[in-house]
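First the structure, in the form of structure tokens, and then the observations on it.
We did not get these values from a lab; they are worked out from the coordinates using the rules stated. All of these numbers come straight from a predicted model, not from anything done at the bench. Every residue, glycine as well, gets a Cβ built from its backbone with ideal geometry; the counts of neighbours run over all protein chains shown.
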């Protein structure tokens, strides 16, 4: 995984592994920066045991995409423009912001959202799609400015 | 879904192709006022190719059904009698000056 984090200082590069341990909380998981560039290696975010929200934009820093691992939820609430593929194999990826041209494939777990996607979305046989995000009370609309292929299960929340 | 809200249900707007490519299940949970026959919920903004392949669950009430209109207009509706969606033949007969058209009872409700 390669991230370039954008602070007030000039950009610099580092290679963190984002593995969410129980000692971390969702609120401080990604504090201290305003944006991150996803470089060629892509970003792997494992949310085992804890739900995480990333409000900062994940920007296009190369060909890398986003791989979501772990049984808990990852929420993207920012305006994301990374260009590589988005892969969900476990847990829930919830998008309340937007995802740019990344093609999204859900091979396991769930994609939930009331945000927007500009790339194609594919829900494979073992995947799930929740329309309207995770809010159990208010309704919402998922916008896909591309193709949607559904082989898995669907539920309005 | 909740009929008391301005937007009665979660939905998806898709600008590209929209297709069902498997045999998944669509789970429909009503969290609002009791449903009545004729209620219609627009889940997709357009017809869903092969949308009739989705299984709709659970039933809206005992003895009622979800009518799968996905392939037609992207919606589902509450009915108390399921209308078969497979193609069928219309039988015509002429007796004297009377012309009669007939079709299977499980296809009542079709609109030509």
Handout entry: GNM top mover of B:55, B:85, B:15 - chain B, alpha-carbon springs below 10 Å
Key = B:15
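Which whole-number percent is the relative contact order of chain B (Cα, under 8 Å, 6+ apart)? Provide the component values of the computation, followed by the final result.
Numbers: 193 pairs, mean separation 24.0, N = 112.
Relative contact order comes out at 21 percent.
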Handout entry: segment A:118-149 and segment B:60-112: distance between their alpha carbon centers, rounded to Å
Key = 31
Fill in the blank from the handout: CD proxy, 222 nm, the protein assembly as shown: helix-only mean residue ellipticity via -39,500 (n - 2.57) per DSSP H run with n ≥ 4, per residue, nearest 500, stands at 0 deg cm²/dmol
Completion exercise
To the nearest 0.05, the calculated FRET efficiency linking residue B:6 and residue B:46 through their beta-carbon distance, R0 being 25 Å, is 0.75
